[in-house]
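Worksheet: one structure, shown below.
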Amino acid sequence: MNHRKYKKEKNSKKKRMYTPDGYIADPPNSKCPYCGKEKKPCSYLNSLSRAWSRQACKIKMKSG
């Protein structure tokens, strides 16, 4: 049980990248070229997972 307490404490000190309002680290004028939304995973590329999100957005907007 002690390892869970340690993990919880460690995670609470971690800097958060995402809030319910959107991604914190995004530049103020970043927009997705496909859907036009701001502060979404597809709006600014700084990691591989966000690149996948942009690719999914591209496919979604192309088919719709």
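Is it the case that region 31-42 has a residue that's surrounded by fewer than 10 Cβ atoms within 10 Å (Cβ to Cβ) and either in contact with a strand residue (DSSP E or B) (Cβ under 6 Å, 6 or more places away or on another chain) or without any contact (Cβ under 8 Å) to a residue 12 or more places away in the chain (or both)? Give the derivation first.
Kept after step one, since they are surrounded by fewer than 10 Cβ atoms within 10 Å (Cβ to Cβ), are these residues of region 31-42: none.
So far as region 31-42 goes, no, none of its residues is surrounded by fewer than 10 Cβ atoms within 10 Å (Cβ to Cβ) and either in contact with a strand residue (DSSP E or B) (Cβ under 6 Å, 6 or more places away or on another chain) or without any contact (Cβ under 8 Å) to a residue 12 or more places away in the chain (or both).
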Inset, instruction - State whether the residues of region 37-45 include one that is more than 9 Å from the chain's Cα centre (by Cα) and either among the small types (Gly, Ala, Ser) or at pLDDT below 85 (or both). - result: no
Inset, instruction - Any residue in region 1-19 that's under 30 Å from GLU38 (Cβ atoms): show its pairings with residues that are assigned to a loop (DSSP other than H, G, I, E, B) and of a type outside the set (Val, Ile, Thr) at Cβ separation under 8 Å, as long as the two are six or more apart or on different chains. - result: MET17/ALA25
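The values are calculated or read from the model by the stated rules, or taken from the named source; none is laboratory data. In this text, all values refer to a predicted model and were calculated from it rather than measured experimentally. Note that we place each Cβ from the backbone using ideal geometry, even for glycine, and neighbour counts take in every protein chain shown.
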